[in-house]
Amino acid sequence: MTKIDVTDHDFQEKVVEQSRKIPVIVDFWASWCGLCMMLKPVLEKVADDLNGKMILAGVNVDEHQEKAREYGVSSIPDVRLFRDGRAVAGFVGARPEATVKEWLKKHML
C-alpha cells in the first residue's frame, strides 16, 4: 500500500499532480475524531487490497486547515477521490469496508 501524509504545502504535488498518474484517495481527519479512527483502518485495508492501484493520502485538518477549507470540508471524516487532477467523488462519515470498496469500484473505473 502507498500511504502518505499530506500538508497544505505539498497537497498540490502529492495529491493533485499524482492523481494525473494514479487515483489518490484523500482522508481528511483529526486525531480527536472517533469516526476518523474507525474509518482509517478500513481505508488502509482497502488500499492494501488494491495493491498499488491507488495512493491513500491523509490530511490532518487540525494541522492543515487551508486545503480542508478549499475543498469545503465541514465534517470529518471526509474522503475524496482525486483523478486527473481534481476531486471526482467523495463521502462523509465512517463506512464499512464493503461500502468503501463499492464506492471505489464505482468511481475508479
>> So the check is Cβ under 9 Å with 6+ separation or different chains; which pairs have a first residue in the range 57-77 that's without any contact (Cβ under 8 Å) to a residue 12 or more places away in the chain and a second one that's of a type in the set (A, V, I, L, M, F, W, C) and assigned to a helix (DSSP H, G or I)?
In response: 70/11; 74/68
>> Being over 17 Å from residue 6 (Cβ atoms) and part of a strand (DSSP E or B) narrows it down to one residue among 88, 42; which is it?
In response: 88
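Conditions tested, residue by residue: (1) surrounded by 13 or more Cβ atoms within 10 Å (Cβ to Cβ); (2) under 12 Å from the mean Cα position of the chain (by Cα); (3) at pLDDT 95 or above.
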position: 7; (1), (2), (3): yes, no, yes
position: 25; (1), (2), (3): yes, yes, yes
position: 37; (1), (2), (3): yes, no, yes
position: 42; (1), (2), (3): yes, yes, yes
position: 47; (1), (2), (3): yes, yes, no
position: 52; (1), (2), (3): no, no, no
> Just checking, how many residues over the range 11-25 are out of contact with any helix residue (DSSP H, G or I) (no Cβ under 8 Å at 6 or more places or on another chain), in contact (Cβ under 8 Å) with a residue 24 or more places away in the chain and part of a helix (DSSP H, G or I)?
Replying inline: 7
> Given (1) farther than 15 Å from residue 6 by Cβ; (2) assigned to a loop (DSSP other than H, G, I, E, B), where does residue 73 come up short, assuming only one miss?
Replying inline: (1)
> Of (1) without any contact (Cβ under 8 Å) to a residue 40 or more places away in the chain; (2) within 23 Å of residue 106 (Cα to Cα), residue 49 satisfies all except one. Which?
Replying inline: (1)
>> Pairs please, first residue from the range 80-109 and at pLDDT 95 or above, second anywhere and exposed (fewer than 15 other Cβ atoms within 10 Å of the Cβ) and among the hydroxyl-bearing types (Ser, Thr, Tyr), Cβ atoms under 9 Å, 6+ apart in sequence or on different chains.
In response: 91/99; 92/74; 92/75; 93/75
> For the range 26-39, how many residues are in a helix (DSSP H, G or I) and in contact with a Gly (Cβ under 9 Å, 6 or more places away or on another chain)?
Replying inline: 2
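The values are calculated or read from the model by the stated rules, or taken from the named source; none is laboratory data. Being a predicted model, the structure only gives us computed values, none of them experimental. Using ideal geometry, Cβ is built from the backbone for each residue, glycine included, and neighbour counts are taken over all protein chains shown.
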